[in-house]
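Undergrad: Take this structure, written in structure tokens, and hold onto it; I'll ask about it next.
Derivation of every value follows stated rules applied to the coordinates shown; laboratory data play no part. Treat the numbers as computed from the prediction; the structure is a model and nothing was measured. Because the Cβ atoms are built from the backbone with ideal geometry, glycine has one as well, and the counts that use them run over all protein chains shown.
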Amino acid sequence: MILFFKIFDYICSVEYKSIIKMKAKEVIDDLRRRFPNEPEYLQAVEEVLMSIEDVYNEHPEFERYNLIERLCMPDRIFSFRVSWVDDKGRVQNNMGYRIQHNNAIGPYKGGIRFHSSVNQSILKFLAFEQTFKNSLTTLPMGGGKGGSDFSPKGKSDMEVMRFCQAFVAELWRHIGPDTDVPAGDIGVGGREVGYMYGMYKKMAREFTGTFTGKGLEFGGSLVRPEATGYGNVYFLLNMLATRGIDIKGKKVAISGSGNVATYTAKKLLSLGAKVITMSDSNGTIYVPEGLTEEQLDFIFELKNIYRGRIREFAEKYGCEYVEGGRPWGYPCDIAMPSATQNELDGDDARTLLANGCFAVSEGANMPSTPDAVHEFVNARILYAPGKAANAGGVSVSGLEMAQNSQKLSWTAEEVDAKLQRIMADIHTQCQKYGKEADGYTNYVKGANIAGFMKVAKAMMAQGIL
Ligand code: NDP
Ligand code: 2IT
């Protein structure tokens, strides 16, 4: 009789387990039905769900707690009007947002983007990705993202300041050093963080580490400006080492010419690699023999001080410039897309592969379309998705938070050493979860599973919230 019940129990549990499996496609279809106008968000969710489905289904308790839906949908979204006065005395109106995606492993953490293209779908995708990226960093940070469709391009310093103050006049009540800690992203650098932090401090009447990427004089961390670009190169070096490849002399195509792109180029030059392209939203420069340090300094000043266009580099140095062009058509060994999402499509990927490109390490968030990712993984090249390769920026933001809490500042050497260790650790996590039967490391799968497991376990432990 006892044996009969035991067998019955066993059969029931097996049956139950098989019924409660998560089906990634069904979850995605449901989200597609509920959020039909959010293509970037759906794209990011689909990529993650397809790679974690098997691991997720090894844990029936996840599905019993409907963990996947709770993890895909942001905890909350704030959206608000931002009204400010331009230099001509006209009243301008923009939309502002903050997406607090998930705080299972730490306070919400992620950048602020100011760009005319910003909308809820783009910020939802960025906040979703940030949750897994921050989990990979080994530091206690949840995921968030914010921004506005305000474009700092062509605006005076005073206009940027007035906008930042108006933005924070709404945002400040939702953020705090242990609640939600914003930082920079496209269109938000040291200048904007300074203005936003100043206004936050005034409203909240406290001096705490509520923003990262602050100036060095008021709590910023050494190496934070460099961290995303340097971190991406450190990650690349870890990948190259698995195949015994030396970076020296390799031709690298970089897109963008902002924070991430310029510091990526700087580190590459110091290692003897050749940076053959850079770009902005208007066009691409091509320097087949590789940029010199002096030329890179010029780009840095052009973009950060004069806020000019990359075309002006070509005018000064007489190199090739293609209006509206992208960097992916030039022969290179390595590609490091560092501008924006979906800037490298399937055709670009096929061209890169045909030209002999053997490594792609993403500085931007989701710069490769799903078709391009498929090409890279199928071709078995070294391919690092943004959430692993560009995690150095938010990692040093996490280190900035730690320094602010301790009311101490560490030396550049200390921060850089920690950054290198974190990037190596992320690489190891990708290898652990991303190894395929043929020995290939699928960094997409590895990063998604490693990032997911930590957040999932924390969510399980904390109950249904
Ligand atoms: P910046 O604003 O400093 O630079 C952005 C660069 O990308 C500029 O050259 C810009 O050109 C170009 N760009 C922006 N939008 C487009 C577009 N729609 N089409 C073509 N080019 C475009 O930003 P960051 O360098 O900080 O950010 C670049 C990428 O890196 C983003 O995807 C960001 O999310 C990601 N990232 C940033 C981190 C950071 O710490 N800053 C951390 C991790 C990821 P133009 O001047 O013409 O607009
Ligand atoms: O996409 C990103 O990781 C960033 N823009 C940096 C976020 C941060 O909090 O430093």
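Undergrad: Hey, got a sec? Which GluC sites (Glu not before Pro) in region 170-266 land in a DSSP loop and have at most 12 other Cβ atoms within 10 Å?
TA: GLU206
Undergrad: Another question, if that's okay. Given the chain, what whole percent of its Cα pairs are spread farther than 39 Å?
TA: Percent of Cα pairs beyond 39 Å in the chain: 20.
Undergrad: Relative contact order (percent) for region 111-230, with alpha-carbon contacts under 8 angstrom and 6 or more residues of separation?
TA: 26
Undergrad: Separation between the ILE20 and ALA461 pseudo-spin-labels, each 7 Å from Cα along Cα→Cβ, expressed in nm?
TA: 2.1
Undergrad: Label point 7 Å out from SER281 along Cα-to-Cβ: which residues of region 159-199 have amide N under 15 Å?
TA: Hits in region 159-199 for SER281 at 15 Å: 185-189.
Undergrad: Hey, another quick one. Defining a contact as two alpha carbons under 8 Å apart and six or more residues distant in sequence, what relative contact order in percent does region 314-465 show?
TA: Result for region 314-465 is 16 percent.
Undergrad: For SER151 paired with GLN43, estimate the spin-label separation in nm (one decimal), with each label point 7 Å from Cα along the Cα-to-Cβ line.
TA: 1.9
Undergrad: Remind me, what semi-axes does region 319-400 give for its equivalent ellipsoid, largest first in whole Å, using sqrt of 5 times each Cα gyration tensor eigenvalue?
TA: After diagonalising the Cα gyration tensor, the semi-axes are 23, 16, 11 Å.
Undergrad: May I ask you to derive the FRET efficiency for ASN66 and ALA379 from their Cβ-Cβ distance with R0 = 45 Å, giving the value to the nearest 0.05?
TA: After rounding, the FRET efficiency stands at 0.75.
Undergrad: Let me ask something additional. What is the percent of Cα-Cα separations in region 209-294 that go past 20 Å?
TA: 41
Undergrad: How large is ³J(HN,Hα), in whole Hz, for each residue of region 443-450 in order, when computed from phi with the Karplus curve 6.51 cos²θ - 1.76 cosθ + 1.60 and θ = phi - 60°, using x for Gly and Pro?
TA: So the Karplus estimates, Gly and Pro as x, are 5, 5, 4, x, 5, 5, 5, 4 Hz.
Undergrad: Follow-up. How far is it, in nm, from the label point at SER405 to the one at CYS319 when both lie 7 Å from their Cα along the line to the Cβ?
TA: Taking the two extended label points, one gets 4.3 nm.
Undergrad: Near the amide H of SER221, under 5 Å away, which other amide H atoms are found, from residues 5 or more places off or on another chain, if H is placed in the peptide plane?
TA: Here GLY213, LYS214 satisfy the definition.
Undergrad: Can you work out the FRET efficiency for the pair ASP87 and THR292, with r the C-beta to C-beta distance and R0 = 60 Å, to the nearest 0.05?
TA: 0.95
Undergrad: So what are region 297-445's ellipsoid semi-axes, whole angstrom, largest first, if each one is the square root of 5 times an eigenvalue of the alpha-carbon gyration tensor?
TA: The three semi-axes for region 297-445 are 29, 27, 11 Å.
Undergrad: What GluC sites (Glu not before Pro) in region 33-106 are in a loop by DSSP, with at most 13 other Cβ atoms within 10 Å of the Cβ?
TA: Filter output for region 33-106: GLU58.
Undergrad: Please list, ordered by chain and number, the residues whose modelled amide H lies under 5 Å from the amide H of ASN102; skip anything fewer than 5 residues away on the same chain.
TA: Correct list: ASP75, GLY143.
Undergrad: Rounded to the nearest 20 debye, what is the charge dipole size of region 313-420 about its Cα centre when +1 sits on each Lys and Arg Cβ and -1 on each Asp and Glu Cβ?
TA: My answer is approximately 340 debye.
Undergrad: Still on this structure, I have one more. Can you list the chymotrypsin sites (Phe, Trp or Tyr not before Pro) in region 199-259 that are in a DSSP coil and have 16 or fewer other beta carbons within 10 angstrom?
TA: Those that pass, being in a loop and sparsely packed, are PHE207.
Undergrad: Please list, in order, the residues from region 372-415 whose amide nitrogen is less than 16 Å from a point placed 7 Å along the Cα→Cβ vector of LYS432.
TA: Of the residues in region 372-415, 388 have backbone N under 16 Å from the label point off LYS432.
Undergrad: If you bin the C-alpha pair distances of region 217-352 every 10 Å from 0, what whole percents do you get?
TA: In whole percents, the pair-distance histogram is 12, 45, 34, 9, 1.
Undergrad: What length, rounded to one decimal in nm, is gained on full extension from ASN119 through to ALA412, with 0.36 nm per residue of separation minus their alpha-carbon distance?
TA: 101.9 nm
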